[in-house]
Amino acid sequence: MKQLLLIAIAMLAITGCGKRETRVEQGNRDQILHLGNGTEPQDLDPHIVTGVPEHHLITALLEGLVGLDPKDLRPVPGGAERWETSADGTVYTFYLRKNAKWSNGDPVTAHDFLNSFKRILTPSLASEYAYMLYVAKNAEAYNTGKLADFSEVGFKVLDDHTLQVQLNNPTPYFLSLLNHYSWYPVHLPTVEKHGPVHERGNRWTRPENFVGNGPFILDKWRENQIIIVKKSPTYWNADIVRLKEIHFYPIDSDDTEERAFRSGQLHVTQTVPLPKIDVYKREKPDLLRIDTYLGCYYYRVNVTKPPLDNKEVRRALAMAIDRENIVKHITKAGQIPAHHFTPPGTAGYTAEARIPMDVDAAKKLLAEAGYPDGKGLPTIEILYNTSEGHKVIAEAIQQMWKKNLNIDVQLVNQEWKVYLDSQKQLNYQICRAGWIGDYPDPNSFLDMWLTGGGNNQTGWSNSEYDQLIREASRAADPQKRMEIFQKAEAILLDEAPVIPIYFYTRNFLIQPSVKGWHPNILDHHPYQHVHLEAAKK
Amino acid sequence: MLRFILRRILQAIPVLIIIATLTFFMVRLAPGKPFDAEKATTPEIRARLEAHYGLDKPLLQQYFSYMGNLVKGDFGPSFKYANRSVNELIAASFPVSLELGAYAMCIALMLGLLAGVIASLKPNSPTDYVPMSMAMVGICLPTFVMGPLLILVFGLTLGWFNTSGWFFPSDRVLPALTLGGYYAAYTARLARGGMLEIMHQDFIRTARAKGASEKRVVLRHALKGGLLPVVSFIGPAIAGLVSGSFVVEMIFQIPGLGRYFVTSALNRDYAMVMGTVIFFAVLILVMNLIVDIVLVWLNPKLRFD
């Protein structure tokens, strides 16, 4: 017995002193980045997928026409070394790099891009993000099957390395749009080899088949375990790529991810468990990063059912929420209280209109609507998808409305898909929602509220608003365009089919050895600019 | 015995058809559709997406074409993971769950049987109370507490094991303990109960009267009968263990099958839901059949009829 105890103590001592080298330390030495990547990707085909973890992978493997500056997200040359815009802003001509190559050695040509655009727009592929290309002339008609001849769509190959894109309207955010993976090229001959090109279920994205044009190539893909990408020797800008490998771990549980980070298995996490934010703030603030993010947490209001069909009631509710309090005491991660819908500073635009916190005015509005001191107002239901985070916010708002307006609120939670269905069917009174911009432009936040828009889901319709948004899409003068958005957002906030609550932040953990991981509102971190540098001991 | 097995297999077929039919209609009746997403795509694209997976066809037609493929052993493509079929997903993840389940079962049987048998030899003594209270704790401590606790001690504090992942042989230790510990506790209680009952039987008294040593009485005469409740329990338990545990797989980031039982339902990935349910049903049926055969072998009072 005594001997056993001695052995146990000895083992403890050995493991305690001679600590093993962690995966992170090893990675720092060998330029191997270990990333937590949320969840298992649906696929790696840019024309099929819809999620954020997929984005993190695809930007390593493929490259679009333009890239993004890692600091300020300015469009920078990518697959195209330069481009020209016509005077009216509707025709873009891209000059492709002659030295750009696919990972199998083939040159990247304008035909590759054209055929890729054709692929994503082909109806039979049923690509969910095909509508991202609708800014191009006739793209929508082709995708919806109204137009059969692709040569009438606004893409033209001028020569092997010159591509022209004809847009419906001057679209100031077009270049940022190009950074969405739906605009990325795929190597068509490879796709063809492994299944039908214009149908789902193609196997070209398996590691043994994959051909890409990005800074990294796909090396291993073990489902729900790891995806490894290796530096591509054929990438045109391979000289600046310093990382040798990136290992993506699909870790669904944020607690598991945090533990992996704490034990030195990850360089960067996707998120931080809410209760851990305070701990890191207190004890290891240098490992915690809180970056502002292009998104808004808000409540949708179903305007088709009384009493919320009444604008005064909606305004009153919106004005009786203490957003500062929610941000400070509940979400606690540097979120910005949202008194308007488009995140501040989106492409230089900040809404001037505001939904103030003004309890007296709210009470007055409610009285005007015929419910003095909340009398006669039926109980209102807030719907949220089952999650502790949404619940505490809903509870806080429930209390605020009771205290400030004497309104009774009931909370209802539903499982994710049921909640989505209720929203779509307008089967709710008020429900929580979140919106992340697809590209940094107010349009990404405002055109969703068009009458009958797929993401409107409030039943709200305003012809003046619709007209303004359409006008903005045709406006060539950037300043005039922003003025139109100001007017539109003022209408939106005045009518209050949405109640903005706060603007998102991205919270994650990052090892100090990761360099070039700049904060930006899209949370994009082009890996060619990232490298690892261990602190000198 | 062969007739017994054949009959059971024949009985299993209608059971499987009923399970498949119920699941088929139940997932489709659940509110929320496979391609509902927070960012809605256009109605046209959505319609084509549903058409690709045959969801635009009348329900009965979908049902018969599904059952037709099922007979051929084809579960169809996953809705969520576009480039993989349900068969492939199960084929890739089941071996992982099987491996983990096997380790866990070994731990459960070794610890559980040992603790249960020892406890039963001197009931209501310290050698009974100590293992049995440990078993009670083991049953009460759910895996989502046990797992993080083990990680905290052996992963984060002592640094002996990785906190998550499925890369090295050492990565198997903590998940197997977490999962096995829970089943060990059950096994211990069942083994104790079974042994206590057996030890009061006449044939044990006879064995003792004939002068058999206590060791011989326990191992040779009592054990076989005493384990009957354990055997009935471990049949379905093995099916449960080898098909993976959602909680343990999430805590340790293990690429097993268990996660799909939950995520496929949440994603309304109809094909995957069907695949996992039917696969699990077959597993249960097979395990129950094996258990019944073993029970007859252990208990001479039973016969194959």
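Summary of values
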{"read-out": "So A:Leu65, is it buried (at least 16 other Cβ atoms within 10 Å of the Cβ) and either within 14 Å of chain B (Cβ to nearest Cβ) or touching a residue at least 12 places away in the same chain (Cβ under 8 Å) (or both)", "value": "yes"}
{"read-out": "Total residues in the stretch A:112-150, condition of a type in the set (Lys, Arg) and in contact (Cβ under 8 Å) with a residue 60 or more places away in the chain", "value": "1"}
{"read-out": "The stretch A:462-518: number of residues that are free of Cβ contacts under 8 Å to residues at least 12 places away in the same chain and within 21 Å of A:Gly348 (Cβ to Cβ)", "value": "4"}
{"read-out": "Residue count for the stretch A:507-525, restricted to those that are under 24 Å from the mean Cα position of the chain (by Cα), surrounded by fewer than 22 Cβ atoms within 10 Å (Cβ to Cβ), on the phi < 0 side of the Ramachandran plot and not hydrophobic (A, V, I, L, M, F, W, C)", "value": "6"}
{"read-out": "Hits in the stretch A:114-157 - residues which are facing chain B (nearest Cβ under 8 Å) and within 21 Å of A:Glu63 (Cα to Cα)", "value": "A:Ser127, A:Glu128, A:Tyr129, A:Ala130, A:Tyr131"}
{"read-out": "Residues that are crowded, with 18+ Cβ neighbours inside 10 Å and of a type in the set (Val, Ile, Thr), drawn from the stretch B:273-290", "value": "B:Val273, B:Thr276, B:Val277, B:Ile278, B:Ile284"}
{"read-out": "Count of residues meeting criterion [facing chain A (nearest Cβ under 8 Å), crowded, with 17+ Cβ neighbours inside 10 Å and out of contact with any Asp or Glu (no Cβ under 9 Å at 6 or more places or on another chain)] in the stretch B:49-63", "value": "0"}
{"read-out": "Residues of the stretch A:375-430 satisfying the condition of being surrounded by fewer than 20 Cβ atoms within 10 Å (Cβ to Cβ), within 14 Å of another protein chain (Cβ to nearest Cβ) and among the small types (Gly, Ala, Ser)", "value": "A:Ser387"}
{"read-out": "Looking only at the stretch A:18-36, and only at residues there that are part of a loop (DSSP other than H, G, I, E, B) and at pLDDT below 95, the one that is surrounded by the most Cβ atoms within 10 Å (Cβ to Cβ)", "value": "A:Thr22"}
{"read-out": "Qualifying positions in the stretch B:154-174 - in contact (Cβ under 8 Å) with a residue 40 or more places away in the chain and more than 19 Å from A:Arg262 (Cα to Cα)", "value": "B:Arg172"}
{"read-out": "Flag for A:Lys403 being assigned to a helix (DSSP H, G or I) and without any contact (Cβ under 8 Å) to a residue 12 or more places away in the chain", "value": "yes"}
{"read-out": "Entirely in the stretch B:209-272, the helices (runs of 4 or more DSSP H) that have 3 or more residues that are surrounded by 23 or more Cβ atoms within 10 Å (Cβ to Cβ)", "value": "B:228-242, B:246-252, B:258-267"}
{"read-out": "Pairs where the first residue, in the stretch B:99-113, is acidic (Asp, Glu) and the second is at pLDDT 90 or above, C-beta under 8 Å, 6+ apart", "value": "B:Glu99/B:Arg172"}
{"read-out": "Near pairs, Cβ below 7 angstrom, 6+ apart or cross-chain, from the stretch B:64-87 (surrounded by fewer than 18 Cβ atoms within 10 Å (Cβ to Cβ)) to any residue that is in a loop (DSSP other than H, G, I, E, B)", "value": "B:Ser65/B:Gly54; B:Asn69/B:Gly76; B:Asn87/B:Asp74; B:Asn87/B:Phe75"}
{"read-out": "Test result for B:Ala92, within 13 Å of another protein chain (Cβ to nearest Cβ) and part of a loop (DSSP other than H, G, I, E, B)", "value": "no"}
{"read-out": "Residue list for the stretch A:223-245, filter: under 25 Å from B:Val96 (Cβ atoms) and touching a strand residue (DSSP E or B) at 6+ places or on another chain (Cβ under 9 Å)", "value": "A:Gln225, A:Ile226, A:Ile227, A:Ile228, A:Val229, A:Lys230, A:Glu245"}
{"read-out": "Matching option when the condition is hydrophobic (A, V, I, L, M, F, W, C), touching a residue at least 24 places away in the same chain (Cβ under 8 Å), in contact with a Phe, Trp or Tyr (Cβ under 9 Å, 6 or more places away or on another chain) and within 14 Å of chain B (Cβ to nearest Cβ), among A:Ile246, A:Ile217, A:Ile251, A:Ile227", "value": "A:Ile227"}
{"read-out": "Residue list for the stretch B:160-182, restricted to those being at pLDDT 90 or above, crowded, with 16+ Cβ neighbours inside 10 Å and of a type outside the set (A, V, I, L, M, F, W, C)", "value": "B:Asn162, B:Thr163, B:Ser164, B:Gly165, B:Asp171, B:Arg172, B:Pro175, B:Thr178, B:Gly180"}
{"read-out": "Condition met for A:Ala433 (of a type outside the set (Phe, Trp, Tyr), closer than 17 Å to A:Ile501 by Cβ and in contact (Cβ under 8 Å) with a residue 40 or more places away in the chain)", "value": "yes"}
{"read-out": "Yes/no for A:Pro170 being within 21 Å of A:Pro77 (Cβ to Cβ), under 28 Å from the mean Cα position of the chain (by Cα), in a loop (DSSP other than H, G, I, E, B) and in contact (Cβ under 8 Å) with a residue 60 or more places away in the chain", "value": "no"}
{"read-out": "Yes/no for B:Leu100 being surrounded by 13 or more Cβ atoms within 10 Å (Cβ to Cβ), over 19 Å from B:Ala271 (Cα atoms) and within 14 Å of chain A (Cβ to nearest Cβ)", "value": "yes"}
{"read-out": "Pairs with Cβ under 9 Å, 6+ apart, first in the stretch B:135-153 and touching a residue at least 40 places away in the same chain (Cβ under 8 Å), second not in a helix (DSSP H, G or I)", "value": "B:Thr143/B:Ser245; B:Ile151/A:Ser263; B:Ile151/B:Phe161; B:Ile151/B:Thr163; B:Ile151/B:Ser164"}
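For (1) in contact with a strand residue (DSSP E or B) (Cβ under 8 Å, 6 or more places away or on another chain); (2) away from chain A (no Cβ under 14 Å); (3) in a loop (DSSP other than H, G, I, E, B), each residue gets a yes or a no:
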{"position": "B:Ile19", "(1), (2), (3)": "no, yes, no"}
{"position": "B:Phe25", "(1), (2), (3)": "no, yes, no"}
{"position": "B:Pro34", "(1), (2), (3)": "no, no, yes"}
{"position": "B:Ala40", "(1), (2), (3)": "no, no, yes"}
{"position": "B:Ser65", "(1), (2), (3)": "no, yes, no"}
{"position": "B:Tyr81", "(1), (2), (3)": "no, no, yes"}
{"position": "B:Asn87", "(1), (2), (3)": "no, no, no"}
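The values are calculated or read from the model by the stated rules, or taken from the named source; none is laboratory data. For clarity, every value in this text was computed on a predicted model and none was experimentally measured. Note: ideal-geometry Cβ built from the backbone for every residue, glycine included; neighbour counts use all protein chains shown.
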